[in-house]
Amino acid sequence: MKVSYNWIKELSGADVSPERMGEILTETGLEVEGIERVQSIPGGLEGVVIGQVKSCEKHPDADRLKVTTVDISTGEDLQIVCGAPNVAAGQKVLVATVGSTLYPKPNEPFKIKKSKIRGVESIGMICAEDELGLGTSHDGILVLPEDATVGEAAARFFQLEDDYQLEIGLTPNRSDALGHIGVARDLIAYLNIHEQAELQLNWPEFPTIKATNSDHQISVEIEAPKDCLRYIGMVVRGIQVAESPEWMKQKLVAIGLNPINNVVDCTNYVMRELGTPLHAFDLKAVKEGILVRHAKEGEELITLDGEKRSLDQRNLMITNGKESLAIAGVLGGEASGVKDDTTDLFLESAYFDAVSVRKTAKMHGLNTDASFRYERGVDPELTLKAMQRLLALIIETAGGEASGELMDVHPGQLKAHELSFSPLRARKLMGCDISESEMEQILKQLDIEVLDQANEQWKLRVPQYRVDVTREVDVVEEILRIYGFNRVPIPSKLNSSIQHRPKLDQEKIKIEVSNLLNYSGLSEVLNNSLYASERTSLLASPKSSLGEVVSLLNPLSQDLDSMRQSLLGGILDTIVYNQNRQHPNLKLFEFGKIYGLSEGSYQENERLIIALSGKKLSEQWNHTPSDVNYYSLKGIVHKLLDRLGIIGHLKEADLDCASFSDGVDLYILKNKIGSMGWVNRKVLKAYGVKQEVFVADLDWDAVLDSLKLKKVQFKELPKSFEMRRDYSLLLDEKVSYANIRELAGKVDRSILKEMSLFDVYEGDKLEKGKKSYAVAFYFQDAEKTLKDARVDQIMEQIRGKLEKELGAELR
């Protein structure tokens, strides 16, 4: 949020530099992220002074040019060649001296240099108003009144004053600082407490304006009292839409707003001053009266941005009883807006429910100045004062007169919040010894009233504009931010208890796995835990016990309205983002939690997802890169489980995951630890992924639980060498290598140490539905050299078992 340094000084009376103001506001919780100098005229007319034309003669070589001598009170007159038709001796003029920079156009500065024009030396420039940025006229030079002082700086003559724009990183809870009044209030509180400044808030005037014409009274009716707690309206007739006065334009420009016209600028001015949004309607559109109601199903409205918006029953609308005029608290309608020929106005100052405005704004993808404030909660006590202030400014800048009575409808009565507060408990929470009198002074500066101080338990009344102060701990925070977080002493020693740590260091294991995956060429990603509920059905979680989707009560947007139930969606979004930017070769992994609601209780599950897509390696001159495949993924998963020491317990089973078109489920003994395979084409198409993606979705909680099976054993290196035997097997295409490995392992675990699949053949030389596997078997006895007879006997047993249970044949 941008605020004006000069504006805050006016309201607070504080005489501090912009830098010091930024430091104070940051200490009080309004973090100033940047300070930028704002000049009412670009360049600030630096180097431009008032001069008097002493002589004016015709240029010897140019009919339209004149050679002048100008006194600027430096002791030496300047010779300046001027082409303006109205230049004459005796005039008081504005002179841009050599070295000064002018900004006739904001982004096109030019520097004044000593030069020769048609052979005559010219030292400076006599300026027209458009060359100085003071206007648009270029008919001739700007001639000043005779009482102008020669040598005086132009900036001083025009009373130009630089301002500074402070950029505040406003947190959502600080709705009280949405206007300059709130920012000034914090500045005053700090200076009064720390520097005994005795400052008071300089409130603007709120005159009670009596109507001079009451022949036509507009009615106001509220059908939705829960969403509109107060609505104030006033009619102003006979106004003239025109340019705003200079002082108002300067203040709006200082906070980054573009002046539009006097009516719109007045509403923006009061909103930025008090923090209360206001709206002005063309009275012709209002007709007989205002009806605040919810939109009807299928209703549409063209808003001020020219967009046609479809409404539903959740949207609160301002209507004239028949036609919608505006989306309440969000954006006005195009047809009811103020135009150049508008002469009569209906002014609105209202208090709308924060949740209602937020939901409506997010539904339509809008973030306006009004919705930004209503969503956070405006001060209900300023609703009437804001109307009074707006009326006074519009009559001052646009003329006209109030017509009819002020309409103030407030079906809902808001009361100031009261709570209990213990100074003793506050001191314990703050970690510093603040006296009760100092606490009371700070609370007084923050408009928090102390009603009772009996029995070390204070009763406080919190002003309505502090919607975030509802608990005792909130009051403690308020005291501490004015007292100063930097004043809280750091203890000279820290006490801690030594706790027994469990054997399993989960964080260390996660780091080791991350490093392993990094070394394998994978990049770690971190995606948002919030997701779109409409896309959740595509990504059914493999952990069905999670239950229903957890929906947010006040989502930031429709794309972030629920907690994710799978890491797959975020990974696919990452892949699409990179593919669309010419980075199709991706190897990614992510640790993260998924969420669900089961039988009234919330569930969380930590998972690890690994995704491969594109080429295995980048293109090089000495090889042609191949695509990643299922076995690329399988190798990484096996390496990971091997590093964790549980690969020996791994089993594969038929896939049970809706997001995959093919693959396997992974088990450690009887516990499922995840799935791996191909993401199905329906999901890829829905996300816009253009190439195959191979994914392993692992239940990290289950993986960690399986580590209890890991047992570290130390044994002597074998004294004998290993023996190898190979089988070339003809198998049905449905048989997997895992089936072969499992059956062979049951024959003799004592000397069969390892197996490997080193060749696969599927082609037209085999009968349909068949494939060929070449499998190597490794045998070793740690104590003695194996004999062929024993190995051959075990190989025959393996062959028989494979033939009987898998229908395998030797080739």
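I'd like to know which of 417, 155, 90 lies farthest towards the positive end of the charge dipole of the chain, counting +1 on Cβ of Lys and Arg and -1 on Cβ of Asp and Glu. My answer, from the dipole projection, is 417.
Residue by residue, the range 321-331 carries 3J(HN,Hα) couplings of x, 10, 10, 6, 9, 6, 7, 3, x, 10, 7 Hz when phi is fed to the Karplus relation 6.51 cos²θ - 1.76 cosθ + 1.60 (θ = phi - 60°); x denotes Gly or Pro.
Using the charge dipole of the range 582-701 (Lys, Arg: +1 at Cβ; Asp, Glu: -1 at Cβ; taken about the Cα centre), state which of 689, 641, 653 has its Cα farthest towards the positive end. Value: 689. Checking the cross-link pairs 308/690; 670/710; 690/734; 639/710 against a 26 Å limit on the alpha carbon distance flags 308/690; 690/734 as lying beyond it.
The 1.4 Å probe gives accessible areas that order 287, 415, 719, largest first, as 415, 719, 287.
The residues of the chain have, on average, 52 Å² of accessible surface per residue, using a 1.4 Å probe with all protein chains present.
Over the chain, DSSP H runs of length four or greater, each weighted -39,500 (n - 2.57), average out per residue to a 222 nm ellipticity of -8000 deg cm²/dmol.
All Cα-Cα distances of the chain, cut into 10 Å bins from zero to the largest, leave 2, 9, 13, 14, 15, 14, 11, 9, 7, 4, 2, 1, 0 percent in each bin in turn. Computed from phi, the 3J(HN,Hα) profile of the range 436-452 under the Karplus parametrisation 6.51, -1.76, 1.60 (θ = phi - 60°) reads 5, 5, 5, 4, 5, 4, 5, 4, 5, 5, 9, 6, 8, 8, 8, 8, 7 Hz, with x in place of Gly and Pro. By DSSP, what percent of the beta bridges with both residues in the range 259-404 are antiparallel, rounded to the nearest 5? So the antiparallel bridges amount to about 100 percent of the total.
Bridgeable aspartates and glutamates around residue 66 (alpha carbons under 15 Å apart, same-chain partners fewer than 8 residues away excluded): 57, 121. Sorting 720, 492 on solvent-accessible area from highest to lowest, probe radius 1.4 Å, gives 492, 720. Close Lys pairs in the range 471-626 (alpha-carbon distance under 22 Å; sequence gap of 8 or more, or different chains): 7. May I ask you to list the lysines whose Cα is less than 25 Å away from that of residue 415, ignoring any residue fewer than eight positions away on the same chain? Counting by Cα, and skipping residues close in sequence, residue 415 has these lysines nearby: 226, 359, 385, 444, 459. Each Lys and Arg contributes +1 and each Asp and Glu -1, all at the Cβ; summed about the Cα centre of the range 40-81, the dipole is approximately 160 debye. What the Cα convex hull of the range 410-463 gives, in volume per residue, is 90 Å³.
Every Cα-Cα pair of the range 672-782 was included, and the share exceeding 20 Å stands at 66 percent. The accessible surface of the chain, taken with every protein chain in place and a 1.4 Å probe, is 47 percent carbon and sulfur.
The accessible area of residue 38, taken with all protein chains in place and a 1.4 Å probe, comes to roughly 20 Å². Volume of the convex hull of the range 315-401 (Cα atoms only), normalised per residue: 117 Å³.
Which of the peptides 625-633, 78-86, 326-334 is most tightly packed, and how do the rest follow, going by the mean number of other Cβ atoms within 10 Å of each residue?
Ranked from most to least packed, the peptides come out as 326-334, 78-86, 625-633.
Taking 16 Å as the straight-line reach from the Cα of residue 92, the lysines in range (excluding those fewer than 8 positions away in the same chain) are 54. Placing 767, 754 in order of accessible area, with the largest value first and a 1.4 Å probe, yields 767, 754. What does the charge count near residue 68 come to, summing +1 for each Lys or Arg and -1 for each Asp or Glu among other residues with Cβ under 9 Å from its Cβ? Net of charged neighbours comes to +1. With the whole protein complex present, residue 144 retains an accessible surface near 20 Å², based on a 1.4 Å probe. For the chain, the longest principal axis of the Cα atoms and the long axis of helix 630-644 meet at an angle of about 80 degrees.
For residue 279, the solvent-accessible surface with a 1.4 Å probe is about 40 Å², rounded to the nearest 10. Projecting the Cα atoms of 324, 384, 347 onto the charge dipole of the range 305-413 (Cβ charges, centred on the Cα centre) puts 324 farthest toward the positive pole. Normalised radius of gyration (Cα atoms, divided by 2.2 N^0.38 Å) for the range 46-198: 1.51.
Under a model in which nothing but the beta-carbon of Lys, Arg (+1) and Asp, Glu (-1) is charged, the range 169-269 shows a dipole of about 80 debye around its Cα centre. The overall shape of the range 547-595 is oblate: from the C-alpha gyration tensor, with semi-axes ordered a ≥ b ≥ c, the ratio a/c is 1.5 or greater and a/b is no larger than b/c.
The values are calculated or read from the model by the stated rules, or taken from the named source; none is laboratory data. These numbers were taken from a predicted model, which means no experiment stands behind them. Every residue, glycine as well, gets a Cβ built from its backbone with ideal geometry; the counts of neighbours run over all protein chains shown. Please note that ligands, DNA and RNA were not included when accessible areas were found on the heavy atoms of the full protein model with its side chains. Shrake-Rupley method; radii C 1.70, N 1.55, O 1.52, S 1.80 Å.
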